[in-house]
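Notes for the one structure printed next.
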Amino acid sequence: MSTKKEADAQKPRINLRPILYFALGSAFGIFLYMKIRFGGLRISDFLFLLLIPMLSLRPVSLKRTAAVFLCLVVFAGTGALAIHCYAQNFISGKPQGVYEVTAVVSTFTVKEGCTHATLTRVSLGGDRVSGKMTVRIPREDVRAGDRVAFTGEISRSPLPDDSYGEYLFANDIRYSAEPEEAEITGRSGDPFLKLNAALYDVLHDNMERDEADVAYALLTGNSGGMDEGLLQAVRYGGIAHVFAVSGLHIGILFSAVMIVCKRLGKYRFVPACALSLCYCAVCAFTVSSVRAVIMSSALGLYRAIGRKHDFLNSISFAALLVLTFLPAQFLSAGFRLSFGACLGLALYSVPLSRAFRKLPKFLGNYLSANLSVQLFTFPVLFETFGYFSVWGTLLNFVLIPLMPVLFLGVLSCGLLALIVSPAAAFLLSFPGGMLSLLLFVFSAADFSFVLTGFSLGAGGTVWLVASVLLSEKVRFSWKPRAVLAAGLAVLFALCVFVRNAVVCGCKFTVEEYGRAVLVQTGGERVLILNGASLDSCERFLNRNYGGTLSAVVVAGEDEFAEIGIAAFLPAEEIYAREEIFTGLQETEVKFAEEFTVGELGFRFESATKLAVFYGELVAEIDLNFSAALGADLFIGADSFGCTYYLNGGNVYKLLWE
């Protein structure tokens with residue numbers, strides 16, 4: 001017994017997987033580069049260099065220590081170099097201005113008489129440029145694969161300074177335009193774009209509009225055309241992944257082809273990989289679908305050659321490939337959620353399966369997989385979208401077993417409808433019935449109850465660290481594991497409390513785009529609007545405060561529009577400067593130059609400038625400018641995403657969101 005304990009003591013906490021450290025090093029290099037270049041670097045960001053590598057070391061093994069750290073440093077440098085080259089390419093090219101544009105439509109959404117499209121193979125003034133362009137075209141007949149031409153004012157995308165900027169950066173969208181008119185000059189020869197467009201047309205020509213939009217989203221991951229109310233219900237219900245082509249879709253297709261091609265024996269994975277890759281191309285190579293194709297191919301290859309498949313190595317290999325060739329995808333929510341879900345499965349699916357072994361097999365397998373995914377993606381979902389669905393486990397229990405029938409049914413019927421066009425309406429009536437039932441459920445049921453209204457802050461990092469340290473991949477006996485679990489639970493609760501509670505003093509939290517400020521004391525919650533949309537306000541409150549606001553203060557230039565937005569927010573009062581007719585009957589708007597809300601005092605200095613008084617302290621808010629005028633705290637145009645704290649005559653900048 002003692003010999004076994006001594007042998008276990010000489011083992012590292014985590015088995016060394018070189019490919020895992022290659023991927024971790026690359027990701028860490030990209031992370032550090034983005035932090036250094038765009039601000040917000042903290043000492044705690046370097047803790048990663050100590051945590052995971054130290055768990056991989058045997059006691060007193062300098063050679064192994066040097067190898068692990070060298071591996072991390074080299075691949076961190078490779079990742080940093082990759083993202084640096086990407087960033088330099090992103091800001092290169094034509095300056096903004098008026099150009100004659102020709103391009104090919106890659107993805108599109110038809111809505112309210114217009115087509116919102118992403119263009120590739122872009123030429124400006126006759127010169128081919130790298131990167132993509134987003135465009136709003138005032139016509140509804142634009143499809144994927146169409147060659148379009150127009151003349152208009154072209155804007156350049158800057159390097160990312162908010163979440164929308166990160167989306168543009170991650171997807172290499174360098175230009176944008178809103179031409180008054182555009183001409184379709186022909187069709188691209190790309191067969192995958194043609195198939196994408198053909199599927200859209202056959203679905204919308206033979207199904208009801210809502211059903212067709214849902215079917216198209218299910219097949220391609222493009223949910224832009226779905227009704228906003230339905231899309232929000234789907235998100236709150238925790239099944240949005242159904243309408244984002246991911247490992248679930250690729251896994252179903254891959255398995256179906258493997259079954260159909262069973263006679264090919266161990267080589268059946270070849271057509272499965274080929275067809276999955278083609279499907280990935282139809283869906284514009286989303287990062288989650290690329291990851292799934294890589295991992296499915298690795299699994300098929302390992303089985304074909306009779307080697308044992310290591311799930312964690314497959315995840316690492318897929319991540320390394322994506323980060324090497326598409327380093328900016330590290331910033332996308334799709335990357336974090338896709339790989340986070342896989343890591344959760346790798347860390348917890350086996351031990352949770354054992355925990356549920358007394359349950360019926362199908363129920364135990366579902367619960368272990370679902371909880372494994374949620375354990376690791378919880379902080380990512382919460383900080384990305386501002387809420388966490390409490391319905392996900394229940395709805396996915398019903399929907400995931402139906403997904404092979406639903407997905408393969410819509411896909412096969414859609415393809416058959418393209419081949420046998422006279423029977424298209426009949427063929428699509430079968431999946432149409434299933435989708436009608438889905439629409440009925442989400443229109444009749446209320447899934448608006450979600451976990452929201454606060455931020456995890458540093459607690460998100462603590463949660464992820466705990467997810468790794470408490471898994472079976474890390475060798476701890478039960479006593480140290482119990483102590484570690486208790487300590488991390490206390491630290492997590494403390495981080496969340498410090499991030500959200502206002503015990504004393506006055507806290508100012510600035511919306512990520514710098515268009516709203518939430519002012520909080522022990523008893524008051526006041527939201528100040530300066531050009532924010534209703535959607536951005538709701539997302540902002542989801543992440544910071546979920547109750548009823550004491551007041552909303554309108555401090556923007558378009559007072560009428562912002563009062564209209566404030567009327568939809570959960571607030572007891574609305575304040576504005578200039579008295580105007582609002583037409584509101586149920587909501588009272590108070591007009592005043594100076595007013596108080598509890599222990600907070602407010603004074604309008606101008607239409608867009610507001611002084612906030614808290615005791616003897618004064619804060620000035622002017623989100624249109626960035627120069628202070630002598631206040632204790634100035635919040636200007638460069639304060640987006642920051643949190644400040646006024647207390648005892650001191651000003652603290654807590655964090656960069």
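Per residue, the chain reaches -16500 deg cm²/dmol at 222 nm when only DSSP H runs of four or more residues are counted, each adding -39500 (n - 2.57). For the stretch 93-112 and the stretch 69-86, write down the distance between their C-alpha centroids in whole Å. Rounded to whole Å, the Cα centres lie 33 Å apart. A simple count of charges around residue 189, restricted to other residues whose Cβ falls under 13 Å of its Cβ and scoring Lys, Arg +1 and Asp, Glu -1, yields +2.
Taking a span of 18 Å or more along the helix axis (Cα atoms) and a mean Kyte-Doolittle hydropathy of at least -0.5 as the rule, the DSSP H helices of the chain that qualify are 18-38, 62-90, 191-206, 247-260, 269-282, 287-305, 311-325, 333-355, 361-385, 392-419, 424-444, 478-500. The trypsin sites (Lys or Arg not before Pro) found in the stretch 250-345 that occupy coil by DSSP, while having at most 14 further C-beta atoms within 10 Å, are 307, 308. Starting from the Cα of residue 484, move 7 Å in the Cα-to-Cβ direction to define the label point; list residues of the stretch 62-83 whose amide nitrogen is under 20 Å from there. Only 65, 68-69 pass the distance filter.
Rolling a 1.4 angstrom probe over the chain with all protein chains present gives an accessible area of which 62% lies on carbon and sulfur atoms.
Run through the DSSP bridge list for the chain and note the antiparallel percent, rounded to the nearest 5.
Of all bridge pairs located within the chain, approximately 80 percent are antiparallel.
One Cα centroid belongs to the stretch 181-234, the other to the stretch 390-409; the line between them spans 22 Å.
Could you tell me which of the pairs 111/590; 35/308; 35/507; 266/473; 308/361; 194/262 are separated by over 27 angstrom between their Cα atoms in the structure shown? Cα-Cα > 27 Å for 111/590; 35/308; 266/473; 194/262; rest within. Listed values [x] 18, 50, 26, 6, 0; [y] 17, 47, 29, 6, 0; [z] 16, 47, 33, 4, 0 include one computed from this model; for P(r) over Cα pairs in 20 Å bins from 0, in percent that value carries the label [z]. Of the residues 133, 451, 404, the one whose Cα sits farthest toward the positive end of the charge dipole of the chain, with +1 on the Cβ of Lys and Arg and -1 on the Cβ of Asp and Glu, is 404. For the stretch 225-306, the dipole from Cβ point charges (+1 on Lys and Arg, -1 on Asp and Glu) about the Cα centre works out to 560 debye, to the nearest 20.
Stretch residue 624-residue 17 to full length: gain in nm at 0.36 nm per residue minus the Cα-Cα span?
213.4 nm
Take every Cα pair under 8 Å whose residues are at least 6 apart in sequence, average their separation, divide by the length of the stretch 486-531, and the relative contact order is 26 percent.
Please compute the contact order of the chain in relative form: average sequence separation of alpha-carbon pairs under 8 Å and at least six residues apart, divided by the residue count, as a percent.
9
In summary, the aspartates and glutamates within cross-link reach of residue 479, defined as a Cα separation below 16 angstrom excluding same-chain residues under 8 places away, comprise 8.
Add +1 for every Lys or Arg and -1 for every Asp or Glu among the other residues with Cβ under 13 Å from the Cβ of residue 203, and state the total. After counting each charged neighbour, the total is -4. Reported to the nearest whole Å, the Cα centre-to-centre distance from the stretch 345-367 to the stretch 473-548 is 32.
Where in the stretch 530-553 does the amide nitrogen come within less than 18 Å of the point 7 Å from the Cα of residue 580, taken along Cα to Cβ? Taking a point 7 Å out along Cα→Cβ of residue 580, the residues of the stretch 530-553 whose backbone N falls under 18 Å are 530-534, 552-553. Summing Lys and Arg as +1 and Asp and Glu as -1 over all other residues whose Cβ lies under 14 Å from the Cβ of residue 219 gives a net charge of -3. Farthest towards the positive end of the charge dipole of the chain, among the residues 322, 613, 219, is the Cα of 322, using unit charges on the Cβ of Lys, Arg, Asp and Glu.
Each Lys and Arg adds +1 at its Cβ and each Asp and Glu adds -1 at its Cβ; summed about the Cα centre, the chain shows a dipole of about 5500 debye.
Accessible surface for the chain, divided over its residues, is 48 Å² per residue with a 1.4 Å probe.
The values are calculated or read from the model by the stated rules, or taken from the named source; none is laboratory data. Fair warning: this is a prediction, and the values are worked out from it, not measured in the lab. Note that we place each Cβ from the backbone using ideal geometry, even for glycine, and neighbour counts take in every protein chain shown. With ligands, DNA and RNA removed, areas are computed over all heavy atoms of the protein, side chains included. Shrake-Rupley method; radii C 1.70, N 1.55, O 1.52, S 1.80 Å.
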